Amino acid sequence: MLRSVLSRARATPPSLSRLRAAVAVLFALDGFVFGSWAARVPDVSAATGAGHTALGVALLCLSLGALACMHLTGALCSRLGTGLTAALAGVLASVCAVLPGLATGVPALCAGLLVFGAATGAVNVAANSVGVQVEARAGRPLLSGLHAAFSAGGLLGALVGGLASAVVGVEPHLAAVAVLGLVVMAWAGPVLVGADAGSRAAAAGRSAGADAGPRPTAVLIVLGAVAGATAYGEGALSDWGALHLREQLHAAPALAAAGYAGFSSAMAAGRLAGGRLVAAVGERRLLVGGALLAAAGALTAVTTASLPVALGGFVLVGLGLANVFPLAIARAGALGGPSGVALATTVGYTGLLGGPPVIGFLAEHAGLPTALGTVALMAVLAAVLVLGIEGSALRRPSLPRGGWAQPVLFGRRPVAVVLAPAAARVRRGTGSYVRDLTLLEVG
């Protein structure tokens with residue numbers, strides 16, 4: 001029966017508008033599930049008796065599960081089809097949303113978050129992969145807008161989670177999130193599966209074109225690092241922001257959840273305006289200015305004793321980080337094709353998923369405000385990395401602006417030369433994602 005359903009779904013490809021809507025729904029669902037979890041982190045921590053260190057270990061399990069599943073998801077996209085993999089990942093993430101609410105102790109929380117992290121990691125890779133497919137079909141950049149759907153979903157999840165924290169326990173709340181996710185995927189799933197119809201030939205054509213020349217793999221790693229440095233802040237605020245507002249500023253549960261809600265709202269608004277901002281100020285200025293704005297907002301949020309000012313700082317972080325990750329991933333796709341997207345996304349999500357456990361470790365030894373202050377440091381690092389990439393020759397004619405393809409670090413040594421040893425280590429560790437390292441140009 002399942003085979004017949006899949007055959008019918010794959011028989012005719014959906015229209016571009018319908019497919020774009022389904023992918024946006026998948027991104028929004030991913031954000032909603034994650035935002036719902038983020039709003040209940042303090043409650044889960046209290047219910048399981050997890051202190052800062054124990055919670056950091058549990059969040060590390062979430063990160064490890066996600067990172068371990070990302071490589072597998074890429075292989076599944078090639079074997080099963082991007083659309084089918086995305087649909088299955090959306091269903092899996094919905095079901096696993098309830099797992100943190102079932103935990104009664106730290107070991108159970110670690111196990112639940114390991115599985116939950118694997119599910120969300122699968123959605124992240126599959127959603128970005130099918131998003132690239134939609135961009136190719138539309139012939140114009142759409143990834144930033146799709147990431148806006150993720151932010152909007154995170155906003156809604158945080159708002160609902162904050163309200164739910166005052167009236168229901170974690171388990172029934174997250175169970176309701178799981179049911180809602182399954183209902184949503186009942187519509188979006190068949191549309192996503194239909195995206196695989198006729199896509200193999202087109203994908204083969206795009207891959208043949210993308211493999212015509214060497215890819216600047218070290219540059220892809222730099223772009224992934226830019227994405228990861230800013231995604232670090234997103235992960236840190238999602239898992240620790242509400243706890244900071246509760247513990248340090250004594251905010252009520254609903255107001256504490258409003259911190260992440262404001263962050264997600266500002267990020268969604270910034271991403272919706274991303275195309276116009278790029279046209280107005282250019283990619284480089286938007287990336288650098290956004291990273292520095294995020295750094296200023298993070299410092300404001302962790303140093304003030306005023307709850308409204310701290311909430312305003314969260315908003316500034318959201319506005320600043322809004323377009324950094326999507327632009328870095330889109331640039332990686334222009335430089336390296338689909339494998340460039342895969343490499344930069346994997347490196348970038350390391351920051352998103354690795355941030356929360358690092359914050360937990362630092363919070364235990366230096367305090368939560370100091371730990372969250374590292375968000376500002378990572379944002380400044382992203383700005384420095386962007387400023388260190390310059391050049392005039394383009395490797396891909398589809399790039400809208402010059403000055404990226406032959407990067408020079410602070411005007412002295414090419415980034416490819418500096419990062420060649422690191423690139424070799426990444427190749428050994430990540431296999432097929434970066435097999436193009438053998439073509440790396442270092443001169």
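The set of residues in the stretch 190-220 being at pLDDT 85 or above and surrounded by fewer than 24 Cβ atoms within 10 Å (Cβ to Cβ) consists of Pro190, Val191. The condition (being at negative phi and outside any helix (DSSP H, G or I)) is satisfied by just one residue among Ala295, Ala251, Ala269, Ala229: Ala251. Per the listing Ser78, Ser63, the residue uniquely among the polar types (S, T, N, Q), in a helix (DSSP H, G or I) and surrounded by fewer than 23 Cβ atoms within 10 Å (Cβ to Cβ) is Ser78.
One line per residue, one yes/no per condition, for (1) under 19 Å from Ala22 (Cβ atoms); (2) touching a residue at least 24 places away in the same chain (Cβ under 8 Å):
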{"position": "Val106", "(1), (2)": "no, yes"}
{"position": "Ala122", "(1), (2)": "yes, yes"}
{"position": "Val132", "(1), (2)": "yes, yes"}
{"position": "Ala136", "(1), (2)": "yes, yes"}
{"position": "Arg140", "(1), (2)": "yes, no"}
{"position": "Ala148", "(1), (2)": "yes, yes"}
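Conditions tested, residue by residue: (1) modelled with pLDDT of 90 or more; (2) crowded, with 24+ Cβ neighbours inside 10 Å.
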site	(1), (2)
Val123	yes, yes
Val134	no, no
Pro141	no, no
Gly145	no, no
Ala149	yes, yes
Val160	yes, no
Leu174	yes, yes
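Looking at the stretch 303-321, is at least one residue touching a His at 6+ places or on another chain (Cβ under 9 Å) and under 20 Å from Glu234 (Cβ atoms)? Within the stretch 303-321 (the criterion being touching a His at 6+ places or on another chain (Cβ under 9 Å) and under 20 Å from Glu234 (Cβ atoms)), the answer is yes, since at least one residue qualifies. Quick check, is Val191 out of contact with any helix residue (DSSP H, G or I) (no Cβ under 6 Å at 6 or more places or on another chain) and farther than 22 Å from Cys69 by Cα? So Val191 does not fit the description; no. Kindly indicate whether Leu84 is at pLDDT 90 or above, of a type outside the set (Gly, Ala, Ser), surrounded by fewer than 24 Cβ atoms within 10 Å (Cβ to Cβ) and in contact with a Phe, Trp or Tyr (Cβ under 6 Å, 6 or more places away or on another chain). Judged against the criteria, Leu84 is not a match. Residues in the stretch 81-99 that are touching a Leu at 6+ places or on another chain (Cβ under 6 Å) and in a helix (DSSP H, G or I): 6 in all. Could you say whether any residue in the stretch 248-257 is surrounded by fewer than 22 Cβ atoms within 10 Å (Cβ to Cβ) and within 16 Å of Leu372 (Cα to Cα)? For the stretch 248-257, residues surrounded by fewer than 22 Cβ atoms within 10 Å (Cβ to Cβ) and within 16 Å of Leu372 (Cα to Cα): present.
The values are calculated or read from the model by the stated rules, or taken from the named source; none is laboratory data. Keep in mind the model is a prediction, meaning the values are calculated, not measured. Neighbour counts run over all protein chains shown; Cβ positions are idealised from the backbone, glycine included.
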